[in-house]
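The values are calculated or read from the model by the stated rules, or taken from the named source; none is laboratory data. Nothing here was measured: the structure is a model prediction, and the numbers come from that model. Because the Cβ atoms are built from the backbone with ideal geometry, glycine has one as well, and the counts that use them run over all protein chains shown.
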Amino acid sequence: MGCGTSKKSFKDVSPTKVVQKEVKLSNNVASATPSSKNQEQQISSQKKPEISKPQQPQSKNPSSAQKSAKEEKSLEPAKKAAASPVPAENSKKLLNSHEVPQKGHGETSIDGHLSEGIRSNKANLNNTYEALKDRSPQPCTLGDAQGVAMAFYEPGTTLSPLPFRHPELLDREIRINVTHVGCCQGDVLWGTQAFFPGVHYPLVPGHEIVGIIDKVGEKVTKYQPGDKVGFGVWRDCCEQYDSCLHCRTGNENSCSKRVGTYDPHFGGYATSFQAKGNFFYKLDDSFPGEAAPLFCAGMTVFPPLQKDVVGGMKVGVVGIGGLGHLALKFARAMGTEVTAISTSSSKETDAKEFGAHHFINLKDEKQVKNGIGSLDYIINTATSYDIGQCCSLLKPRGTLNLCGAPTAGENLNFNLLQILINQQRIQASLVGSRLDGEAMLDFVRIKNIYPTVEVYKFADVQNAINSLAFGNPHYPNYRAVLEMGSFMKTFTPAN
Ligand SMILES: [Zn+2]
Ligand SMILES: [Zn+2]
């Protein structure tokens with residue numbers, strides 16, 4: 001299961017006000033960037049990934065970064081508030097990766113779960129610092145900051161700048177200068193508590209991270225400053241190899257002590273990121289930073305396909321969005337006969353460009369009828385689809401794999417007799433382990449497969465979130481990625 005999700009609408013959710021406003025970024029970060037034209041030229045010369053420029057959003061939800069840039073207020077550290085008890089090891093760790101298929105390209109939007117989440121729990125504001133104690137990043141003035149993050153200060157969809165200092169770099173840790181970070185729908189769901197209550201704020205999301213190593217701890221031998229690395233959804237696990245079967249067998253994503261990249265730790269919506277060295281992925285210098293969504297979206301759809309399908313199989317991909325478009329590319333490159341399955345005929349052209357041989361619009365009775373019993377395997381990247389209808393497209397003994405993350409409280413509803421008679425399997429998969437990640441990185445390098453993305457400047461993060469959450473002014477062109485280069489021309493980190 002990964003960051004993909006349910007068919008609900010975000011539009012009733014009003015962004016909440018930002019609690020901490022005493023942050024300023026005195027530089028006009030938005031204007032200090034290279035022209036988009038240059039950026040596009042540079043990118044197109046790499047031929048990967050496919051990138052489109054975001055349209056200018058309507059000012060429904062003004063960028064908090066832009067707003068902050070105008071507000072020449074003094075820069076105060078975010079205050080520590082009385083913290084609620086930190087939830088113990090809880091079920092939210094089970095779901096640390098997840099993406100919501102977007103309505104439009106992702107075919108999903110989100111709904112009343114969000115407003116409920118936003119209302120439900122404000123007792124935990126500022127408890128990030130309490131949860132992490134002496135291992136917490138500390139808010140500070142911009143002049144003292146080692147990094148600037150973009151944070152949700154309370155449940156909602158509004159991000160604001162947060163200058164911070166890292167905790168001391170431990171012997172086995174690595175600190176990187178982030179160059180790119182993907183915006184996953186899971187980030188929005190997490191920020192609004194649509195997955196779970198009890199999120200720690202300020203929340204710095206981001207688990208599709210690419211950067212260059214700045215510092216390594218004394219016991220890190222595999223990496224050195226200057227190396228390009230990636231980072232995904234997991235930042236830790238028990239690593240008790242004698243007693244934990246999951247860690248011993250390279251399935252740390254099933255470890256009961258696995259730790260997600262953010263909450264309460266800071267994720268990758270930041271110019272600088274620090275974590276345990278053995279959870280980073282070494283990347284070739286030629287790896288395009290814009291391909292950062294591989295580290296969640298890719299890691300969600302690649303592992304089940306790699307484990308379950310072989311060339312020649314007839315594979316369906318349900319939901320042609322952030323996850324689904326990558327699943328189409330992977331399935332095609334694995335030598336399968338690929339069918340894109342959607343509820344919108346508008347996806348057909350793109351789906352075929354991504355590798356689909358066939359297309360089924362689930363709202364077209366004739367197309368569905370022709371597809372009944374035709375597929376060996378279906379990967380379903382969203383939870384908004386009729387499971388029974390999907391299974392009707394499978395052959396007897398076919399398998400339906402669910403990998404789109406639901407919001408809290410969602411249940412499946414399907415006719416069991418139909419599944420039983422056809423002896424079909426319904427299974428689920430979570431975003432992959434490090435072994436899966438290494439396999440995926442080999443695969444994309446050999447097959448030259450990268451996500452299709454839209455790139456936003458870091459200072460324009462609110463526009464990316466508005467696009468993800470509200471489709472304002474449009475839903476992302478498959479995935480949204482933040483780039484730090486333009487921002488770093490205006491910010492000099494302190495030592
Ligand atoms: Zn994600
Ligand atoms: Zn373990």
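If you go through region 468-495 and keep only what is under 16 Å from GLY321 (Cα atoms) and at pLDDT 95 or above, you end up with TYR478, ARG479, ALA480, VAL481.
When you scan region 453-461, do you find a residue that is touching a residue at least 60 places away in the same chain (Cβ under 8 Å), touching a Phe, Trp or Tyr at 6+ places or on another chain (Cβ under 6 Å) and surrounded by fewer than 24 Cβ atoms within 10 Å (Cβ to Cβ), even just one?
Our first condition is that a residue be touching a residue at least 60 places away in the same chain (Cβ under 8 Å); within region 453-461, this holds for 453-461.
Among the residues that remain, those that are also touching a Phe, Trp or Tyr at 6+ places or on another chain (Cβ under 6 Å) are: 458-459.
Remaining after also requiring surrounded by fewer than 24 Cβ atoms within 10 Å (Cβ to Cβ): none.
Checked region 453-461: no residue is touching a residue at least 60 places away in the same chain (Cβ under 8 Å), touching a Phe, Trp or Tyr at 6+ places or on another chain (Cβ under 6 Å) and surrounded by fewer than 24 Cβ atoms within 10 Å (Cβ to Cβ).
With the condition kept exactly as written, say whether any residue in region 430-438 is loosely packed, with under 14 Cβ neighbours inside 10 Å and part of a loop (DSSP other than H, G, I, E, B). Scanning region 430-438, I find no residue that is loosely packed, with under 14 Cβ neighbours inside 10 Å and part of a loop (DSSP other than H, G, I, E, B), so the answer is no.
The rows are residues; the columns are (1) more than 25 Å from GLY186 (Cβ to Cβ); (2) buried (at least 21 other Cβ atoms within 10 Å of the Cβ).
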residue: LYS222; (1), (2): yes, no
residue: GLY226; (1), (2): yes, no
residue: PHE231; (1), (2): no, yes
residue: GLU239; (1), (2): no, no
residue: GLY250; (1), (2): no, no
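For beta carbons closer than 6 Å, sequence separation of 6+ or different chains, a first residue in region 237-261 that is in the same structural domain as ILE209 (by TED's automatic domain parsing) and a second that is within 16 Å of ligand 1 (Cβ to nearest atom) and polar (S, T, N, Q), the qualifying pairs are GLY250/SER433; ASN251/SER433; GLU252/SER433; ASN253/SER433; GLY260/ASN96.
Does any residue of region 412-429 turn out to be buried (at least 17 other Cβ atoms within 10 Å of the Cβ) and within 16 Å of ligand 1 (Cβ to nearest atom)? Show your work before the answer.
Within region 412-429, the subset buried (at least 17 other Cβ atoms within 10 Å of the Cβ) is 419, 424, 426, 429.
Subsequent filtering for residues that are within 16 Å of ligand 1 (Cβ to nearest atom) retains 429.
Taking every residue of region 412-429 in turn, at least one turns out to be buried (at least 17 other Cβ atoms within 10 Å of the Cβ) and within 16 Å of ligand 1 (Cβ to nearest atom).
Among the residues of region 260-283, the ones that are within 23 Å of GLN185 (Cβ to Cβ) and in a strand (DSSP E or B) come to 5 in all.
Within region 178-201, being farther than 21 Å from GLU410 by Cβ and out of contact with any Pro (no Cβ under 8 Å at 6 or more places or on another chain) holds for VAL178, THR179, HIS180, VAL181.
Hey, among LYS219, LYS215, which residue is part of a loop (DSSP other than H, G, I, E, B) and either within 16 Å of ligand 1 (Cβ to nearest atom) or of a type in the set (D, E, K, R) (or both)? If you could, list the steps in order and put the result at the bottom.
Working: LYS215 fails: part of a loop (DSSP other than H, G, I, E, B).
Among LYS219, LYS215, only LYS219 is part of a loop (DSSP other than H, G, I, E, B) and either within 16 Å of ligand 1 (Cβ to nearest atom) or of a type in the set (D, E, K, R) (or both).
Of the strands (runs of 3 or more DSSP E) lying entirely inside region 373-429, the ones with 3 or more residues being touching a Cys at 6+ places or on another chain (Cβ under 9 Å) are found at 375-380.
Of all residues in region 238-268, those being more than 16 Å from ligand 2 (Cβ to nearest atom) and out of contact with any Phe, Trp or Tyr (no Cβ under 8 Å at 6 or more places or on another chain) number 2. GLY226 meets the conditions (1) out of contact with any helix residue (DSSP H, G or I) (no Cβ under 7 Å at 6 or more places or on another chain); (2) not in a loop (DSSP other than H, G, I, E, B) in every case but one. The failed one is (2). Only residues that are within 26 Å of the chain's Cα centre (by Cα), buried (at least 24 other Cβ atoms within 10 Å of the Cβ) and at pLDDT 95 or above were counted across region 369-399, and they come to 4.
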